[in-house]
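The values are calculated or read from the model by the stated rules, or taken from the named source; none is laboratory data. Source: prediction; values computed, not measured. All Cβ positions, even for glycine, are placed from backbone atoms using ideal geometry, and neighbour counts span all protein chains on display.
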């Protein structure tokens, strides 16, 4: 397509460099998520155009880029909402390209949504208890047959305990018996993150977790993310707000026009001329 | 009420002033309420004691020869029971509290109270009908037997539908089709091989196998519908189900399937003329065989004679009080005819089946399985993103519900000795939906209540209203057309219109259903029992008791923002 013809030879070289750097990173151990040459087209529009990057174990990695850079599409390709046109996504050594969303979630790669998607007519606790994986009571026979149901009840008691702990951790335990639809926007974001963590994920993809959240709550959410990261969770963090990313992530991936433009520490990225030009230099 | 404080107390409590002073009433009521509050044997002993004393007193005071009255024995019962209810209510309810408020109170107590309140009112309404029609006790028992039959079958179907719509949000409007599959497969499997000159032969298998086969077949047809169609959006899925249900009905109706031979076995659907169903085994508890003229057996030989002449002469004719005052004769009429007894026995079986449905579906709903169904209903994308294979859940839930619909159909249409495809028109599906909407989607208890209200007040009620009106008003001929019914208004004649309305009461049920739905949507769109609010978990989702103390309440120490910054550096 015509957009492909526009980038100069210089640009192409840089992208190749970035890809090579990413390749090196991938080879090192401790990168649970590896995205290679990911491409996604919608009709004539190429949303993601050969993006490659990897996320380090136990890191809080930021994925930024101006509007239309392909962040959300990349995200949706990783989580199985979209099937990539080409390229591959590997999670902990397994090729998860094109898998169904529920299969990817079962591998321990869980996402949150840009606009919080609580289950409004279910209570906060019901929302929380939905998430854990491999519940025996999810089989109809276990739910209804007298002998098998006892095991389900025991399991439920454990889950309830965990749900309370998680709610207390996110400081929304006072809302536990409220219907999720009655929560404020910020509380929904907290609930959504708490719910995602109930699946016991090894990596969480956060799609703009701070969008529409007030500053106090924003601080609270970031606190929680840092604390969870210290406990060993890995986060990939899509965000529009440059400052938040720069203040919180130790590794940043910058996307532009469907490709990875730059990668590195916040300092490296902000001093990269191409990034300044593409993103910071423009009127943000 | 001698002392001033007592009077003040009483008027404060009653709020009714001094208008209702009956000597001894206040201490009596206090005593009664005390007994009642103790619960258990004491409360019931006191209440039943009052019933008995009231019965004797009633017989002594207003006893008369029931048979000589035009409106029959039910009136006696009615007056007696009304008096008892009024006395019990006055004694147990807080004074001056209106009936509705008292009902509201009881309504909140438990699901059993809700069921008793609804059934109690349905029974009361039919009691009034029986009194107005002058039915003997047998007639009342027959009417109530029919009401409870429909209550039970509708409750079963609504419970199954609630799993689809209330929990999983699956829009199934092909219920009649799944019922038909259950009924016809059961019939084909279990009607005898030698069906006589007019009937269509079956495979002659035992009835339990036939029933099981019917249920499995309904579930499998559900699977066939679900596999391709659950990918569709809710409304398109609905169109698929209703189309499937009509395909099933029209197939049963066709000549092609009327009688066919597969692998040397001849069987068939009977086509438009219908199909004889295997005999209802409950009948065999009472009769020697299914033949109309069969003699009584087992239960029948015991119960029929007992109920046949159950008329207790409480006051024989020509009795005198203390040998001087003449007393009117009073006979307690409790006689019930054999067919009514057999119907009631089958109603008892149905009540057991409703209980089974209820337990199964409550367990299904209150479990991780039900939780996933609810999540699918709320937002399928979220359920998927949390690792739930939503298609599997939808298919399993749909098949389970369809199997139950098949079983419900067998217990309903399959129990009547005969069925034809007309019994499975889409209107039945629509009625079941109306009952679900009345009861409240998402609530299993609401499903049962919706079934009871629909069966009692919308299904059976209008027919009795017609009977009562025609019993008292001489309507003359029923006009054949609407203009002929409305025309006489000009001359001030209302009766032709009334006759026209009553003559078409079955059709008017549709209007009634419409009016009720509009009123319900205006005032209580979530139905009788909340909208989809039953908690989906195998245990009560409260704060566990050991945590109820301080731990949960104490705020956990919040890490400071500076700490976070330091770590990053």
Problem - residue B:525 being over 18 Å from residue B:457 (Cα atoms) and away from chain A (no Cβ under 14 Å) - result: no
Problem - Scan of region A:105-131 for residues that are under 15 Å from residue B:389 (Cβ atoms) and more than 8 Å from chain B (Cβ to nearest Cβ), ordered by number - result: A:107
Problem - Number of the condition not met by residue A:173 [criteria: (1) more than 25 Å from residue A:218 (Cα to Cα); (2) within 7 Å of chain B (Cβ to nearest Cβ)] - result: (1)
Exercise for the section: Exactly one condition in (1) outside any loop (DSSP other than H, G, I, E, B); (2) modelled with pLDDT under 85; (3) more than 21 Å from the chain's Cα centre (by Cα) is not met by residue B:518; state its number. Expected result: (2)
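Taking residue A:204, is it within 13 Å of chain B (Cβ to nearest Cβ), surrounded by 21 or more Cβ atoms within 10 Å (Cβ to Cβ), touching a strand residue (DSSP E or B) at 6+ places or on another chain (Cβ under 6 Å) and modelled with pLDDT of 90 or more?
Numbers: within 13 Å of chain B (Cβ to nearest Cβ): yes; surrounded by 21 or more Cβ atoms within 10 Å (Cβ to Cβ): yes; touching a strand residue (DSSP E or B) at 6+ places or on another chain (Cβ under 6 Å): yes; modelled with pLDDT of 90 or more: yes.
Yes: the conditions hold for residue A:204.
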Fill in the blank from the handout: Counted residues in region A:139-166 being at the interface with chain B (Cβ under 9 Å from one of its Cβ atoms), crowded, with 16+ Cβ neighbours inside 10 Å and farther than 19 Å from residue B:370 by Cβ come to 1
Problem - Those residues of region A:242-281 which are within 14 Å of chain B (Cβ to nearest Cβ), assigned to a helix (DSSP H, G or I) and in contact with a strand residue (DSSP E or B) (Cβ under 6 Å, 6 or more places away or on another chain), in sequence order - result: A:245, A:266
Exercise for the section: Tell me, yes or no, whether region A:54-68 has at least one residue that is on the phi > 0 side of the Ramachandran plot and surrounded by 21 or more Cβ atoms within 10 Å (Cβ to Cβ). Expected result: yes
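If only one of A:217, A:222, A:228 is touching a strand residue (DSSP E or B) at 6+ places or on another chain (Cβ under 9 Å) and not in a loop (DSSP other than H, G, I, E, B), which one is it?
Selected residue: A:228, the only one of A:217, A:222, A:228 that is touching a strand residue (DSSP E or B) at 6+ places or on another chain (Cβ under 9 Å) and not in a loop (DSSP other than H, G, I, E, B).
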Problem - Selected residue (only one of B:177, B:169 is at positive phi and in contact with a helix residue (DSSP H, G or I) (Cβ under 9 Å, 6 or more places away or on another chain)) - result: B:169
Completion exercise
The number of residues in region A:229-241 that are more than 12 Å from chain B (Cβ to nearest Cβ) and surrounded by fewer than 21 Cβ atoms within 10 Å (Cβ to Cβ) is 5
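Which one is surrounded by the fewest Cβ atoms within 10 Å (Cβ to Cβ) among residues in region B:381-433 that are more than 10 Å from chain A (Cβ to nearest Cβ) and under 30 Å from residue A:133 (Cα atoms)? Full working, then the answer.
Keep residues of region B:381-433 that are more than 10 Å from chain A (Cβ to nearest Cβ), which gives B:394-395, B:398, B:401-433.
Narrowing further to those that are under 30 Å from residue A:133 (Cα atoms): B:394-395, B:398, B:401-404.
On the way: B:394: 23, B:395: 17, B:398: 26, B:401: 28, B:402: 33, B:403: 23, B:404: 27.
The selected residue is B:395.
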